[in-house]
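For reference, the structure discussed in these notes is given below.
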Amino acid sequence: MSVAIEVKDVVKKFRRGRRLKKRDIFAVDKATFDIEEGELFGLLGPNGAGKTTLVRCLATLLIQDEGTIKIMGKDIYSNSLYCRRQIGLVTSGERTLYWKLSGRDNLKFFAALYGLDGKERDMRIEYLMELLDLKDVQNERIEKYSSGMKQKISLARALLHDPKVLLLDEPTLGLDPQFSRFLRNFIKNSLNKEQKKTILLTTHYMDEADELCERIAFINRGKIVDVKTPYEYKRDLPHTEVLELRCSGIQNCDELLKQLQSLNSVEKTTANSVDHVTNIKIILPRAEPILSDTIELVRKQGKILGINVEQPTLEDVFIYVTGTRLSEDTAEERPATKD
Amino acid sequence: MTFKNNLKIILAENKKTIDIALSYPIFLVFWGIAPLLWLLPFVFQGKALVGGMSSASFKALTGSANFLPFILIGTMVSTYIFSGLWGVGNSLREETYWGTLEYIIASPTNPVVVLLGKTLAEFILASANVTIQALIATFFLGVNLTLAKIFPVMVIVLLLLIGFYGFAIAFAGFTLLIKEVHGYVHSLEWVFYLFSPIRYPVEVSSITKTLSALIPLTYALVAIRGIILLNKHIVNLWQTMLILIGMDIVLIIGGYLLFQYLERKTRQAGTISQY
């Protein structure tokens with residue numbers, strides 16, 4: 001199988017700060033990976049990890065500072081027009097369409113940008129409207145559409161010119177669970193399995209990546225941490241259990257995490273608090289031997305609302321590998337100092 | 001993309017821009033009438049100063065005593081100019097606001113082709129506005145605009161606009177890079193108002209007269225007023241036309257190259273989607 005997307009040593013820096021204090025921040029730092037033709041590949045990382053910057057580089061919206069990107073064997077910088085014809089782009093958010101135009105008129109306009117017109121264009125729009133179940137609303141203005149319907153039109157736009165490669169940047173962000181489910185099924189079954197599209201999906205939903213992707217690249221603070229199949233990630237994790245505690249009244253979380261970390265065979269501890277409820281995760285080979293000690297330590301500070309022992313998910317793998325939760329925002333400054 | 005494809009993109013963009021504009025009909029009415037509302041204070045001011053619609057000193061400067069048609073022509077031509085500057089220059093900012101710019105830039109179409117479509121739409125919309133102004137001037141202000149003079153006037157207007165739209169395309173490039181251009185557009189507007197004969201003859205001051213020679217609008221307005229007010233034949237305006245053609249070539253090529261440069265800078269800076 002040949003390579004559809006080739007990313008090699010890509011660096012993208014941004015100048016941040018004011019006047020004399022300006023400095024370079026690495027949004028993408030020496031990213032390297034390949035995606036084979038027909039593969040559904042995931043880019044998983046927290047907000048601010050560099051996923052969208054990388055997708056924008058691939059979509060030729062950004063020019064990388066270093067490294068090379070090839071789409072279907074051609075360099076995107078020197079063959080940008082060819083590469084743009086091979087790519088269909090979907091981003092998250094509702095505001096990517098002309099709200100004062102109908103769904104059909106939106107597609108007609110974007111079809112023109114890809115050189116489609118006349119019967120060919122009309123047949124393609126008809127097919128996509130049918131495929132995405134939008135025929136009944138195709139002549140209504142976008143402003144009357146629900147978020148999910150708008151995202152369907154965005155998807156139809158990306159498919160207008162029948163591209164070989166699809167770049168889906170957080171396509172289910174902000175959608176209700178029903179539409180998210182529909183979109184996931186559509187991506188997996190219709191686009192990937194039936195139409196054999198090469199898909200790069202970025203997400204910070206680990207269950208989405210786990211369910212859809214054949215291989216996943218973990219990206220954190222601009223760096224590609226690892227590229228494996230979901231199965232390989234879980235298999236290669238040295239621990240096998242995750243002990244989760246839901247507590248309230250925790251006064252000194254950092255101190256508590258230190259104490260928990262010192263318990264026998266604990267590999268990693270993380271915590272996050274929402275509305276005075278603290279969720280603590282302890283990653284370790286077996287939870288049962290430290291259960292009573294853990295309860296005792298937590299009880300000294302607060303009240304235990306619930307305890308759960310689970311098998312590791314991709315999120316646990318991510319935490320293990322990067323020390324960062326997927327729900328965290330890592331958009332804080334990353335100065336351009338190399339390791 | 002072939003020439004035929006690009007032509008279709010221009011027409012698709014033109015249709016889209018007009019469809020969106022027509023979805024806000026009140027704006028069309030406003031922009032049709034507003035320039036006349038701006039004009040009226042000057043008419044009343046002129047009337048109060050000279051005690052009527054004509055002035056001997058005005059005739060000495062312009063060759064025509066009646067100042068109303070003079071100002072009206074200035075207003076109508078400046079409607080084309082400023083709507084082009086606002087419409088084309090600011091259009092990519094609108095696309096950013098709608099969230100559609102990234103999809104235009106990520107397509108295999110050169111954004112300049114899309115801007116040409118916006119230019120065509122702005123020309124059509126401005127023509128509609130100017131027609132409303134001409135009708136109001138004819139029926140309510142008693143100005144006699146002869147149909148026979150429209151063709152030569154349109155030739156001059158087109159020669160002016162070709163270069164000016166080149167300038168507006170460069171301005172669109174600045175919008176991509178620096179996002180906020182209202183201050184620049186307003187400053188340019190006032191430079192044009194001050195140093196070109198939109199509302200008064202530039203001969204009133206040696207400074208305005210000298211600086212007006214740098215602005216293509218000056219040549220066009222002098223020529224158009226010559227045709228309409230002084231019954232000059234277009235053939236006798238060949239020098240003006242040559243100057244405008246020269247400026248067109250410089251502004252179109254310069255505008256295109258500057259836009260390409262600024263677009264690449266924006267891609268490097270990573271600010272395409274920001275507004």
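What's the tally of Lys pairs in chain B whose alpha-carbon atoms lie under 24 angstrom apart, where the two lysines are 8 or more places apart or on different chains?
17
How about the stretch A:132-233: which GluC sites (Glu not before Pro) there are in a DSSP loop, with at most 14 other Cβ atoms within 10 Å of their Cβ?
The qualifying sites are A:GLU140.
Which percent, to the nearest 5, of DSSP beta bridges fully inside chain A are antiparallel?
70
Whole Å is fine, so just give me how far the alpha carbon centre of the stretch A:173-250 lies from that of the stretch B:117-150.
After rounding, the separation between the Cα centres reads 60 Å.
Relative to the first principal axis of the alpha-carbon coordinates of chain B, what is the inclination of helix B:111-140, with its axis defined by its Cα atoms, in degrees from 0 to 90 and to the nearest 10?
Helix B:111-140 sits roughly 30 degrees off the main axis of chain B.
As a test of the formula, what do you get for chain A when each DSSP H run with n ≥ 4 contributes -39,500 (n - 2.57) and the sum is divided by the residue count, at 222 nm and rounded to the nearest 500 deg cm²/dmol?
So the helix-based figure for chain A works out to -9000 deg cm²/dmol.
Using the Karplus curve 6.51 cos²θ - 1.76 cosθ + 1.60 with θ = phi - 60°, what ³J(HN,Hα) values do you get for each residue of the stretch A:212-227, in whole Hz, with x for Gly and Pro?
Coupling constants for the stretch A:212-227: 9, 8, 6, 10, 9, 9, 7, 10, 9, 6, x, 9, 7, 7, 6, 10 Hz.
Which FRET efficiency value, to the nearest 0.05, is calculated for A:ASN47 and B:LEU158 with the Förster distance at 45 angstrom and r the Cβ-Cβ distance?
Step by step, r from the Cβ atoms, then E = 0.30.
Measuring from label point to label point, each 7 Å out along Cα→Cβ, what is the B:ILE245 to A:MET123 span in nm?
4.7
In terms of modelled amide H atoms, which long-range or inter-chain residues lie less than 5 Å from the amide H of A:VAL225?
Here the answer is A:PHE218, A:ILE219, A:ASN220, since their amide H atoms fall under 5 Å of that of A:VAL225.
Computed FRET efficiency, Cβ-Cβ of A:GLU214 and A:ARG246, R0 30 Å: what is it to the nearest 0.05?
For R0 = 30 Å, the calculated efficiency reads 0.35.
Between helix B:238-269 and chain B, what is the angle of the helix's C-alpha long axis to the longest principal axis, kept within 0 to 90° and rounded to the nearest 10?
The answer is roughly 30 degrees.
Lysines within cross-link reach of A:LYS152: Cα-Cα under 20 Å, excluding same-chain residues under 8 positions apart?
Result set, ordered by chain and number: A:LYS100, A:LYS108, A:LYS135, A:LYS144, A:LYS164, A:LYS188, A:LYS193, A:LYS196, A:LYS197.
Per-residue HN-Hα couplings for the stretch B:188-203, Karplus 6.51 cos²θ - 1.76 cosθ + 1.60 at θ = phi - 60°, whole Hz, x for Gly and Pro?
4, 3, 6, 4, 5, 4, 7, 10, 10, x, 6, 10, 8, x, 5, 5
How far apart, in nm, are the 7 Å Cα→Cβ label points at B:ASN231 and A:GLU66?
That separation, rounded to one decimal, is 7.7 nm.
Could you please report the charge total around A:MET123, scoring K, R as +1 and D, E as -1 over all other residues with beta-carbon less than 12 angstrom from its beta-carbon?
Summing Lys/Arg as +1 and Asp/Glu as -1 gives -3.
Taking the Cα atoms of chain B, report the difference between the largest and smallest coordinate on each principal axis, in whole Å and largest first.
60, 38, 35
What distance in nm lies between label points placed 7 Å from Cα along the C-beta direction at A:SER292 and B:LEU141?
Those two pseudo-labels are separated by 9.7 nm.
Summing +1 for each Lys or Arg and -1 for each Asp or Glu, what net charge is found among the other residues whose Cβ lies under 13 Å from the Cβ of B:PHE67?
Once all neighbours under 13 Å are counted, the net charge is +4.
How big is D, in µm² s⁻¹, for chain A by Stokes-Einstein at 4 °C and 1.567 mPa s if Rh is the Kirkwood radius over C-alpha pairs?
59
What number comes out for the charge environment of A:GLN311, summing +1 per Lys or Arg and -1 per Asp or Glu over other residues with Cβ under 11 Å away?
-2
Under a point-charge model restricted to the Cβ atoms of Lys and Arg (+1) and Asp and Glu (-1), what is the dipole moment magnitude of the stretch A:87-149 relative to its Cα centre, in debye to the nearest 20?
180
For A:LYS13, what residues show an amide H to amide H distance below 5 Å, using hydrogens built from the backbone and excluding near sequence neighbours?
A:ALA27, A:ASP65
Can you give the average number of partner chain beta-carbon atoms within 10 Å of each beta-carbon in peptide A:92-103, as a whole number?
4
Step through the residues of the stretch A:32-49 one at a time and calculate ³J(HN,Hα) from phi using the Karplus curve (6.51 cos²θ - 1.76 cosθ + 1.60, θ = phi - 60°), rounding each to whole Hz and writing x for Gly and Pro.
9, 6, 10, 10, 7, 4, x, 8, 9, 10, x, 10, 10, x, x, 4, x, 6
Taking H as built 1.01 Å from N, whose amide H comes closer than 5 Å to the amide H of A:ARG215, not counting residues under 5 places away?
For A:ARG215, whose amide H was placed from the backbone, the distant partners under 5 Å are A:LEU40, A:GLY42.
Could you tell me what fraction of 2.2 N^0.38 Å the Cα radius of gyration of the protein assembly as shown comes to, as a two-decimal ratio?
Dividing the Cα radius of gyration by 2.2 N^0.38 Å gives 1.24.
How far is helix B:216-229 tilted off the main Cα axis of chain B, in degrees rounded to 10, range 0 to 90?
Helix B:216-229 and the main axis of chain B meet at about 40 degrees.
Restricting to Cα pairs below 8 Å that are 6+ residues apart, what does the relative contact order work out to for chain A? Please round to a whole percent.
22
Return the tail of the calculated pair distribution for the stretch A:1-63, meaning the percent of Cα-Cα pairs more than 17 Å apart.
48
For the stretch B:85-231, take the convex hull of the Cα atoms, compute a quarter of its surface area, and give me that in nm², please.
If I average the Cα hull's projected area over directions, I get 10.5 nm².
In the protein assembly as shown, what % of DSSP beta bridges are antiparallel (nearest 5)?
Percent antiparallel among DSSP bridges in the protein assembly as shown is about 70.
Count the lysine pairs in the stretch A:1-97 that are 8 or more places apart or on different chains: how many have C-alpha atoms under 27 angstrom apart?
25
May I ask you to order B:130-143, B:192-205 by the average number of other C-beta atoms within 10 Å around their residues, highest value first?
B:192-205, B:130-143
Where a number appears in this text, it was derived from the coordinates with a stated rule and is not lab data. These numbers were taken from a predicted model, which means no experiment stands behind them. Every residue, glycine among them, receives a Cβ derived from its backbone with ideal geometry; neighbour counts consider all protein chains shown.
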